[in-house]
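Take a look at the structure below.
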Amino acid sequence: MLDFVPLSKPMTQNVITVNGDAWGDEGKGKVLCFLAQWADLIVRSTGGNNAGHTVVYSGIKYPLHLVPTGIVRGTATCVMAPGMLVDLNVLWDEIKFLRKNGIEVSPKNLKISDRITVILPYNILKDEWEEKVKGDGSIGTTKRGIGPTVEDKAARIAVRMIDLQKNTFENRIEEIFRTVPYDIIRENPNIQQECIDYCKKYAELIDPFICNTQVILNEACEAGKIILFEGAQSFSLSLDHGYYPYCSSTNPDASGTLSAACIGPLHAKYCIGVFKAYTSRVGNGCFPTELNDDVGNLIREMGHEYGTTTGRPRRCGWLDLVQLKYVAQANSQNCLAINHLDTIGQIGLQHGEIRVCTSYLSASQLQEISYVPTDLTDVRVLSYQYKSFPGWRIPDGCQTYQDLPKEARDYIEFIENFVGVPIAFIGIGPNDEDMIVRGTFLHQ
Ligand code: GDP
Ligand code: IMO
Ligand code: MG
């Protein structure tokens with residue numbers, strides 16, 4: 001242990017991150033919305049409307065893509081931080097949808113960073129075009145323009161929220177269009193003007209929400225406010241740490257989420273990893289525990305595994321503990337949340353067993369691999385070892401851990417012993433209150 005005794009400032013540690021531990025859609029929105037009852041601020045900082053977070057709050061279903069899901073509680077200030085990529089059409093539709101359902105969305109409770117990158121209509125066309133050009137090697141993106149917008153951002157030509165405020169977007173768009181592939185222009189001759197009109201349309205509408213969110217976050221940290229981070233996408237979709245190239249274009253791990261909002265690492269108190277009791281994935285690329293059979297179909301139907309954003313059927317398979325342990329370590333997760341314990345119990349009853357993957361074996365079967373390999377060709381030649389469990393039914397009125405059937409508790413305890421991180425939150429249904437909490441909240 002390295003000890004260093006300088007004059008140092010005591011830091012408030014009131015930040016909680018909620019991140020997905022697989023390929024997205026673990027139910028991050030649901031866990032976030034549950035925790036939001038204790039939060040002062042809720043921050044989303046990564047991804048765009050490639051995300052789809054469904055929460056069922058007070059009996060109403062909210063499939064949200066951009067605005068932090070905790071807004072439905074109406075108690076916290078919601079922040080959309082610099083790392084986000086925002087489609088203005090989707091943002092405005094979402095604000096209207098929330099208001100229609102009686103949820104307050106105003107500049108008072110929704111703060112949009114002036115540094116956020118704006119997704120332009122041409123970025124969406126480019127996403128479609130890139131996927132087409134890649135042919136068999138396509139990623140299976142959500143076609144929401146995410147990758148091409150990040151390309152512009154990295155090329156330092158993108159339009160940001162501040163350009164809407166300062167009326168500098170037209171010059172930016174002109175610069176962008178010097179490099180737009182000719183195929184796109186030929187098929188969409190008015191696209192440059194469409195991008196300008198789109199920015200003009202929303203500049204005034206969005207303006208009251210745009211601000212420097214850093215000032216708000218710095219003050220909140222200093223004042224010891226409880227700040228909750230809503231992760232989008234998930235570790236295995238991370239550009240740097242996921243299964244490249246079959247990944248997204250941001251870094252949705254716990255530190256990436258903090259850094260995309262520029263919150264220093266010393267403020268984090270809990271890093272919560274969310275996973276499902278099975279695994280799902282949309283888009284292409286490897287999926288070690290995928291079930292291309294009736295059991296996979298059964299999980300999809302019983303878990304309603306169809307994309308919130310694109311409606312695509314999600315690929316389904318068993319829970320992969322090698323992946324979960326690796327991701328929990330990489331994110332310094334000190335707490336886990338499992339969802340769909342109800343669904344997997346039913347699968348167990350109908351199919352006769354539930355399985356979890358406990359190790360990857362090399363092709364020669366001589367070497368056990370306890371990490372997620374970088375090279376996808378390695379993954380294809382691995383075989384997988386499983387442990388089997390019986391199913392269960394969640395009893396009516398189940399509220400505490402002890403109310404769960406023993407089979408379900410054995411499943412939970414096997415996972416937490418394997419991963420070495422306690423499972424504090426257990427989802428037993430899609431509704432906000434379908435959550436079992438182990439431990440106690442101390443709120444001073
Ligand atoms: P996110 O992207 O991680 O927020 O997850 P999604 O919202 O895309 O997908 C999770 C889906 O599972 C949503 O339809 C949720 O309503 C649903 N869900 C979440 N937790 C549970 C649970 O414990 N049981 C059941 N049956 N459904 C759940
Ligand atoms: P949430 O926040 C599931 C996947 C896409 C594709 C890959 C790249 O709801 O968990 P992109 O459009 O980002 O360039 O697509 O990433 N993907 C997601 N899959 N949930 C998400 O978000 C996702 N966001 C991106 O399906 O495989
Ligand atoms: Mg989702």
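The values are calculated or read from the model by the stated rules, or taken from the named source; none is laboratory data. Just so it is clear, the model here is predicted, and its values are computed rather than measured. Because the Cβ atoms are built from the backbone with ideal geometry, glycine has one as well, and the counts that use them run over all protein chains shown. Please note that ligands, DNA and RNA were not included when accessible areas were found on the heavy atoms of the full protein model with its side chains. Shrake-Rupley method; radii C 1.70, N 1.55, O 1.52, S 1.80 Å.
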**Message:** Checking Val67 against (1) away from ligand 3 (no atom under 16 Å from the Cβ); (2) open to solvent by less than 40 Å² (accessible area, probe 1.4 Å), only one condition comes out false. Which one?
**Reply:** (1)
**Request:** Quick one: count up the residues across region 84-121 that are assigned to a loop (DSSP other than H, G, I, E, B) and within 15 Å of Gly145 (Cα to Cα).
**Result:** 3
**Asked** Looking at Glu433, Glu407, Glu413, which is the one that is in a helix (DSSP H, G or I), of a type in the set (D, E, K, R) and free of Cβ contacts under 8 Å to residues at least 60 places away in the same chain?
**Response** Glu413
**Message:** So, in region 19-59, exactly how many residues are in contact with a Pro (Cβ under 6 Å, 6 or more places away or on another chain) and more than 15 Å from ligand 1 (Cβ to nearest atom)?
**Reply:** 0
**Request:** For region 7-18, indicate whether the set of residues that are within 16 Å of ligand 1 (Cβ to nearest atom), of a type outside the set (Lys, Arg) and open to solvent by less than 10 Å² (accessible area, probe 1.4 Å) is non-empty.
**Result:** yes
**Request:** Looking only at region 230-254, count how many residues are outside any helix (DSSP H, G or I) and away from ligand 3 (no atom under 16 Å from the Cβ).
**Result:** 10
**Test for Gly311: is it farther than 21 Å from Ser238 by Cβ, small (Gly, Ala, Ser), within 16 Å of ligand 3 (Cβ to nearest atom) and modelled with pLDDT under 95** = yes
**Request:** Could you list, in sequence order, all residues of region 425-444 that are surrounded by fewer than 20 Cβ atoms within 10 Å (Cβ to Cβ) and small (Gly, Ala, Ser)?
**Result:** Gly429, Gly439
**Request:** Give the number of residues within region 389-402 that are touching a residue at least 12 places away in the same chain (Cβ under 8 Å) and either open to solvent by 60 Å² or more (accessible area, probe 1.4 Å) or in contact with a Pro (Cβ under 8 Å, 6 or more places away or on another chain) (or both).
**Result:** 6
**Asked** Exactly one of (1) more than 25 Å from Asp240 (Cβ to Cβ); (2) outside any loop (DSSP other than H, G, I, E, B) is unmet by Leu366. Its number?
**Response** (2)
**Message:** For region 279-321, give me the residue count where each residue is touching a Gly at 6+ places or on another chain (Cβ under 7 Å), part of a loop (DSSP other than H, G, I, E, B) and at negative phi.
**Reply:** 9
**Considering residues of region 19-58 that are of a type in the set (Val, Ile, Thr) and surrounded by fewer than 24 Cβ atoms within 10 Å (Cβ to Cβ) only, the residue farthest from ligand 3 (Cβ to nearest atom)** = Val56
**Fill in**
Within region 208-228, residues among the hydrophobic types (A, V, I, L, M, F, W, C), open to solvent by 50 Å² or more (accessible area, probe 1.4 Å) and over 21 Å from Thr75 (Cβ atoms) come out as Val215
**Message:** Here are the criteria: (1) crowded, with 23+ Cβ neighbours inside 10 Å; (2) assigned to a strand (DSSP E or B). Tell me which single one Lys61 does not satisfy.
**Reply:** (1)
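For (1) within 16 Å of ligand 3 (Cβ to nearest atom); (2) modelled with pLDDT under 95; (3) crowded, with 19+ Cβ neighbours inside 10 Å, each residue gets a yes or a no:
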{"position": "Arg281", "(1), (2), (3)": "yes, no, yes"}
{"position": "Gly285", "(1), (2), (3)": "no, yes, yes"}
{"position": "Glu290", "(1), (2), (3)": "no, no, no"}
{"position": "Leu298", "(1), (2), (3)": "no, no, no"}
{"position": "Glu305", "(1), (2), (3)": "yes, no, yes"}
{"position": "Asp320", "(1), (2), (3)": "no, no, yes"}
{"position": "Gln323", "(1), (2), (3)": "no, no, yes"}
{"position": "Tyr326", "(1), (2), (3)": "no, no, yes"}
{"position": "Ala330", "(1), (2), (3)": "no, no, no"}
**Request:** Residue by residue through region 166-211, note down the ones that are in contact with an Asp or Glu (Cβ under 6 Å, 6 or more places away or on another chain) and not β-branched (Val, Ile, Thr).
**Result:** Phe169, Arg172
**Request:** Please tell me if Asp207 is within 16 Å of ligand 2 (Cβ to nearest atom) and of a type outside the set (A, V, I, L, M).
**Result:** no
**Item:** Filtered residue count, region 106-134, keeping only those that are more than 16 Å from ligand 2 (Cβ to nearest atom) and over 23 Å from the mean Cα position of the chain (by Cα)
**Value:** 3
